[in-house]
Every structure is written in C-alpha cells, then in structure tokens.
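Participant: Okay, here's the structure, questions in a sec.
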DNA sequence: GTCTATAGAAGGATAGAC
DNA sequence: GTCTATCCTTCTATAGAC
C-alpha cells in the first residue's frame, strides 16, 4: 500500500537496527532534548546521512523508539497472580513481580521520558498508558473477578479494585524511585511494601481470611 | 557573608522578578530543553545580558525556578482533614482538596518537569519530594495517629497508612492526568475516586463504622 | 546505501558602549 | 544595570561523491 521513500521498517537492515538500538539507549537514558542526532550516529557507528536515510527527523525517530519501548515493556501474563494458589500468596507474588518490574532502571527511565514529553508528543502518553497500566489493570481486574466468583474475595467493582491494588503496591516506593530520592529500593523494602499493600487490600476486600 | 558578584536575591529588582516570572512560566510549561535563554529574555522584556547579570547560567536559573516552585507549592495545613468531624467526612474533604490540588494544571506541569530533570538535577527530586509528598505524608500520619488515639481508627503504622491513603486517592486519576490520557479529570470523577478510596481505606483501617 | 563535508539556523554566553 | 551586537559552539538536516 505505502510507496514510502524510506526503507520498509520490516526490512532487516543491520545499520537501521544499530540506529534503533543506540537511539533507544540514549533517548531512554537522557530524554529528547539532551540527545543529538550526532550522538546517535556516533553511538550507532553510522553517518548522520545514513541515519536520515532511515528516519525522516529526530521527532519521528524519537516517537518510533519510545512507542516501541512502551509496547515491548513486559509480558504481563507472567507477572499476573497464579490461579490455583492461596489468595494472599498469589497477591504477594504478583506484587513482588510488579514492583520488581516498575522499579527497575529501564522501566523508570521510560516512565520519566514519556511523562516529560507527553505534552509535546501526546500519542506517547497514550501508548505508554495502554501498553502498561491499562493492560495490567484489565488483566488484574479479571483475575480479581474470578477470585470473587470463587468466593475468595468480595469485589464490588473489579476495575476499581485492580486500580487500588496497584496503587497500594506502588504507594511511596515508585515515586521515590522515579525522583531518585534515597534510599534506593531494596529487596527488603519491596517485600515490606508488598506485605503492607496486600494486608490493606485483603482487609478491605478479603472474605474474612 | 557572601560577597557574590551577582545581585542579592533579596534585592527587589523589577527586572529580576520579570525574568523569574517569565522563566517560571516557560520552564514549567515546556521543560528545560525546549526553552531557550532567548525566549526567556524576550518574554521578560529584557536583554540576554541583563538576564545573565542576575543568573550565572541556564542551569542555575532553572534550578532556582523549579526549587522555589516546589516549595511554594501548597499550604498543606488548609488541605488536611478537619479535627472535630466525622472521620469519613474528614477524609472525604481531605481527598477532594488533595486531588483538586495535585490534578490542576500547574501542579501537574511541575511534577512532569521535576521527574524529567531529576536525573540531571538530583536536588530537584529531593526538593519536590520534601516540599510535597513527604510533608503531606507526615501531616496526614499525625492526623491519623490522633484519630487512632481517639479510638476512631485502628492504625498500626501511621506513616504507612498515610502513604496508602494518598496512594488510594491518586490511584489511576493522577497518572492519567500526568500523561494527558483522556478523559480529563472532572468534579464527578474526582468525587467518585475519593469515595472509592475512602471506602477502601475505612474498610481496612476503620473501627467498625 | 553509505560516506564526508557543509549549509543554515539556533543555542548559550560575553564584550563593550552608555 | 542595561542595552546592542557578536562570538563560538552545537544542532538539524541535506548535497554530492562513491
């Protein structure tokens, strides 16, 4: 359909991939404004002309990189609570995996960059939200609904409960990590935060466990 | 004490104030990278030389502006729950006031800018956290402790409970607003979010209300 | 496709007159 | 203190050779 002048994205070009990799690392680590096309070309070991042969502009390269980074963020299925388990244990496992993901360096960096540029690139806010929090909420909500059907939880509104569960898990830890306010999150800190969040969630939604 | 070459910050200079005002609006709205010293000078109706007479560099001007914006953020005392009130009503009022603040345009913009630049300017992350979330948490925690002493709530750890209360209030609304994902927060949406948060909080920490 | 070289604009910061 | 004018660097993007 599209007779674009640019090479097809599907084409496996090593140079193109090198540009994507280098640009992703730089943009995610330093943001849009702090990274120049020179720096990207240098890091990818190509000339700027080659870079511009594959990508129309800095804006387009940035949007491409970040949009993809938002989608390839995580396989949420592996993070979700298990099914045949004690509810508290299942929630605790989910909480640990979720925090282990959202508190790690690259996820934090993507989060920062998307927030920073969501005004100038509104589609990035959308891509991040849909590929991350929204997907997670939907999956968690349906898991909670199952548990409610099985009589193990009392959940009036699974979407709201899912949002609240994830909010409780993030609580203060996530913001501090995003801002770089010490102490850096540790395994022990994560476990404590998860335990507190799960305790509160079950006190509100548990079926008298 | 300081025999600085720069004019004293305390000195009431109209030009200096004009620069501060213009720079604050621009930096907060567009971030560090998207704003040039030319643009600031133009918006403040001064020359660049004057601008540099008051501020050593773009970095210093930016840090000054954002640090101050973080401190002058809010008078939390007026947002805190009232004392002689029904607990649910007090929490609901607090929730509405808190969300009314953190969801409004300027607060969101500051939040975005600080997150974006907290890597390059770590002191900003600290200033924001201390002047905002940390202060709020401490005040809320002491209010919760009072209520617990009065037998109206059961709070094992007031700091944790305060963090959880604020997390429940923000839940999904805050992130969506930061990312610019529609729908924009409305009065009705805020009220619903507050009601859901307070219900969950009281289910977990209430004394059988 | 890929490079070197460069155009053309904009950026941060300063010199020197008043 | 304040301005105009300018320096030097860096930036995005492209032209032209191979």
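Participant: Enter the mean number of other protein chain beta carbons within 10 Å of the beta carbon of each residue in A:89-97, as an integer.
Facilitator: Mean shielding by partner chains, rounded to a whole number: 0.
Participant: Could I ask something else about it? What whole number of Å gives the distance from the Cα centroid of region B:94-172 to the Cα centroid of region B:51-67?
Facilitator: 28 Å
Participant: Order these by the 10 Å Cβ neighbour count, fewest first: B:55, B:121.
Facilitator: Least to most surrounded, the residues fall as B:121, B:55.
Participant: So between residue B:36 and residue B:207, what do we pick up on full extension, going 0.36 nm a residue minus the alpha carbon distance?
Facilitator: 56.0 nm
Participant: At a threshold of 8 angstrom on Cα-Cα distance, excluding pairs fewer than six apart, so keeping six or more, what relative contact order does region B:80-206 reach in percent?
Facilitator: Computed value for region B:80-206: 32 percent relative contact order.
Participant: With everything on Cα atoms, drop me the angle between helix A:105-117 and the longest principal axis of chain A, reported from 0 to 90° to the nearest 10.
Facilitator: Tilt of helix A:105-117: around 70 degrees.
Participant: A further question follows. Just to confirm the number: angle between the C-alpha axis of helix A:158-179 and the first principal axis of chain A, 0 to 90 degrees, nearest 10?
Facilitator: 60 degrees
Participant: Can you tell me the length gained on complete extension of the stretch residue B:159 to residue B:184, counting 0.36 nm per residue apart and subtracting the Cα distance?
Facilitator: Once the chain is fully extended between residue B:159 and residue B:184, it gains 5.9 nm.
Participant: In which sequence would A:194, B:113 go, from the one with the fewest C-beta neighbours within 10 Å to the one with the most?
Facilitator: A:194, B:113
Participant: Points 7 angstrom from Cα along the Cβ direction at residue B:191 and residue B:88: gap in nanometres?
Facilitator: 1.6 nm
Participant: Also, I was wondering about something else. Per residue of chain B, what 222 nm ellipticity follows from adding -39500 (n - 2.57) for every DSSP H run with n ≥ 4, rounded to the nearest 500?
Facilitator: Using -39500 (n - 2.57) per qualifying helix, the result is -21500 deg cm²/dmol.
Participant: Once the label point is placed 7 Å from Cα along Cβ, list for residue B:184 the distances to the corresponding points in the other copies, in nm, shortest first.
Facilitator: Inter-copy label distances (nm, one decimal, shortest first): 4.0.
Participant: For residue A:47, go 7 angstrom from Cα along the Cα-to-Cβ vector, then report the distances to that same point in the other copies in nm, smallest first.
Facilitator: 4.3
Participant: Using only alpha carbon positions, build the gyration tensor of the protein assembly as shown, then give the equivalent ellipsoid semi-axes as the square roots of 5 times its eigenvalues, largest first, whole angstrom. Before the final figure, lay out each step's value.
Facilitator: Working: eigenvalues 305, 200, 56 Å².
Calculated on Cα positions only, the semi-axes equal 39, 32, 17 Å.
Participant: Another one. If you project the alpha carbons of chain A onto the principal axes, what extent comes out on each, in Å, largest first?
Facilitator: Computed over chain A, the largest-to-smallest principal extents equal 66, 45, 29 Å.
Participant: List the distances, in nm and shortest first, from the label point of residue A:151 to the matching label points in every other copy, placing each point 7 Å from Cα along the Cα-to-Cβ direction.
Facilitator: With the label placed 7 Å along Cα→Cβ, residue A:151 yields 3.7 nm.
Participant: So which residue, out of A:174, A:83, A:104, gets the largest mean-square fluctuation from a GNM of chain A using Cα contacts under 10 Å as springs?
Facilitator: Looking only at A:174, A:83, A:104, the biggest GNM fluctuation is shown by A:83.
Participant: Still on this structure, please answer the following. Could you sort A:90-98, B:181-189 so that the peptide with the highest average Cβ count within 10 Å comes first and the rest follow in order?
Facilitator: A:90-98, B:181-189
The numbers here are math on the coordinates, done by the rules we state, and not lab data. Small disclaimer: the values here were computed from a predicted structure and weren't measured. When we count neighbours, we look across all protein chains shown, and the Cβ atoms used for this are built from the backbone with ideal geometry, even at glycine.
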